Amino acid sequence: MNRYLALGCLGIGLMVSPLLQGLAGSAVPANPKIGVIDIENTLSTTPAGKRANEAFEKGRKAKQAALDKSQEDLKKADADLSKQAAVLKPEVLNAKRAELEKKFVDLQQTYVKLERELATDRTKLIQTLLKQAEPLIAKIAKAEGVHLIIDQSATVWADPAVDLTQKLNAEMK
């Protein structure tokens, strides 16, 4: 009895599988076409990208200047302490040295914080540029018959024939 049930299920499965295969295949094109864009190239060569980069660089330079000033102040304080070391009592010297070390640790933490902020700012910059480019990318994809576009940085290798960067750059303003 179980043998007949198993054969019956197998027969029904064989009859239904072509139907299911037809349904599954209809969602994906037979030969999907993929394109590649280099968002870094777009960021550095288009007017919109250059404006965004300039704003980012302005913020980065301001943060770097503040960090450099703090570093110079710390170096100056260290040099002053070294000059005073001969005349200061050992406990006062140790206290001032500990204070300088604390300021140095704080400066390192500030540096790490600024690096994270810059990375976040850079990510936001790219996201903003991509939002601006998104309708243009969709237009290019439709015109080229492309089903998927990925960023060049996410690929190991791509045929230059699928690179749509120049078409995108021509559209960006």
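Residues checked against (1) among the acidic types (Asp, Glu); (2) modelled with pLDDT of 95 or more; (3) surrounded by 10 or more Cβ atoms within 10 Å (Cβ to Cβ):
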{"position": "20", "(1), (2), (3)": "no, no, yes"}
{"position": "32", "(1), (2), (3)": "no, no, no"}
{"position": "40", "(1), (2), (3)": "yes, no, yes"}
{"position": "87", "(1), (2), (3)": "no, no, no"}
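Given (1) part of a strand (DSSP E or B); (2) at pLDDT 95 or above; (3) not acidic (Asp, Glu), where does residue 150 come up short, assuming only one miss?
Going through the list (1) part of a strand (DSSP E or B); (2) at pLDDT 95 or above; (3) not acidic (Asp, Glu), residue 150 breaks only (2).
For residue 55, all conditions in the list (1) modelled with pLDDT of 95 or more; (2) under 30 Å from residue 165 (Cβ atoms); (3) of a type outside the set (Asp, Glu) hold save one; what is the number of the exception?
Checking residue 55 against (1) modelled with pLDDT of 95 or more; (2) under 30 Å from residue 165 (Cβ atoms); (3) of a type outside the set (Asp, Glu), the one that fails is (1).
Return the total of residues in region 65-96 being under 41 Å from the mean Cα position of the chain (by Cα) and not aliphatic (A, V, I, L, M).
Selection size over region 65-96: 9.
The values are calculated or read from the model by the stated rules, or taken from the named source; none is laboratory data. Just so we're clear, the structure is a prediction, and the values are computed from it rather than from any experiment. Here the Cβ is made from the backbone with ideal geometry for all residues, glycine too, and neighbour counts use every protein chain on show.
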